[in-house]
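Peer 1: This structure is in structure tokens; I'll ask about it shortly.
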Amino acid sequence: WQNPATFTGTAEYPTTVADEAGLVYGYRTDGNIVVFNPMTNAVSYRPTTVPVLRGSGSLFETRIAYDPPTRSLYLGAFNTPELYRFDIDTGSTTQLTSIPEPQLNDIFCGDRSGHLYVAGADSGMTLFQYDIAADTWNRIPDYPVDHGNNGSCVVSDAGFLYVSSGSGNEF
């Protein structure tokens, strides 16, 4: 273990992602994207441009996914239905179509090839796939048990979606 550079400000239970160049991205409550470069041990900040993201702390427990084809970060927050795209190259932030349920869940991930996967609500069995190119949500087969609200997900290189619920020990 090493102790890399730290960042200033507050981040309330966020997730992080890395791009293909190895840069690590997070979200700070004041609306800035945090960028950590492990090669130089340096931290920098990228402001978002949508007012709801700046200074309101509205993205509590920020979920982040990275999509290489669009070179964008996709941001959502627990307990709200909104979804945002942050374009890494231009710095622009766009609000996208909200999830069809009243809130996103902590279970939030991307497949790095044009899709995001999100559980709905803070309990239940609903799962959704977001098509980045079409800006649409599609309900996929329900999770077999209550997915809870403290879980996570990942898509393997083989294309399988794995979900770890927040209410049990199953995948």
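Peer 1: May I ask you to evaluate 6.51 cos²θ - 1.76 cosθ + 1.60, the Karplus curve with θ = phi - 60°, for each residue of the stretch 28-37 and list the ³J(HN,Hα) values in order in whole Hz, giving x for glycine and proline?
Peer 2: Here the 3J(HN,Hα) series is 9, 4, 7, x, 9, 7, 9, 10, 10, 9 Hz.
Peer 1: While we're on this one: For the chain, what is one quarter of the convex hull surface built on the Cα atoms, given in nm²?
Peer 2: Values: hull surface 40.2 nm².
Quarter of the Cα hull surface area: 10.1 nm².
Peer 1: Output ³J(HN,Hα) for the stretch 126-132: one whole-Hz value per residue in order, computed from phi by the Karplus curve 6.51 cos²θ - 1.76 cosθ + 1.60 with θ = phi - 60°, and x for Gly and Pro.
Peer 2: 6, 10, 10, 10, 9, 8, 4
Peer 1: Tally up the carbon and sulfur contribution to the accessible surface of the chain as a whole percent, 1.4 Å probe, everything protein left in place. Walk me through the numbers before you get to the answer.
Peer 2: Details: 4500 of 8450 Å².
Within the chain, the accessible surface is 53 percent carbon and sulfur.
Peer 1: How much space per residue, in cubic angstrom, does the convex hull of the C-alpha atoms of the stretch 97-165 take up?
Peer 2: 73
Peer 1: Using amide H atoms built 1.01 Å from N in the peptide plane, name the residues 5+ places from Gly151, or on other chains, whose amide H lies under 5 Å from its own.
Peer 2: Residues meeting the criterion, in which the H sits 1.01 Å from N, are Asp106, Ile107, Gly166.
Peer 1: Right, something else. Using a probe radius of 1.4 Å on heavy atoms only, what accessible surface per residue do you get for the stretch 84-171? Whole Å² is fine. It would help to have the intermediate numbers written out before the result.
Peer 2: On the way: 4290 Å² over 88 residues.
Ligands and nucleic acids excluded, the result is 49 Å² per residue.
Peer 1: Place the peptides 148-157, 75-84 in order of packing, highest mean first, counting for every residue the other Cβ atoms within 10 Å and averaging per peptide.
Peer 2: Values: 148-157: 16.7, 75-84: 21.4.
Ranked by mean Cβ neighbours within 10 Å, highest first: 75-84, 148-157.
Peer 1: Now a separate question. Which is the longest part of the chain that has none of the trypsin sites (Lys or Arg not before Pro) sitting in a DSSP loop with at most 16 other Cβ atoms within 10 Å?
Peer 2: Details: sites that count: Arg54, Arg71, Arg112.
Value returned for the longest uninterrupted segment is 113-171.
The values are calculated or read from the model by the stated rules, or taken from the named source; none is laboratory data. This is a predicted model, so every value here is computed, not measured. Please note: Cβ atoms are built from the backbone with ideal geometry, for glycine as well, and neighbour counts cover all protein chains shown. For accessibility, only protein heavy atoms count, side chains too; no ligands or nucleic acids. Shrake-Rupley method; radii C 1.70, N 1.55, O 1.52, S 1.80 Å.
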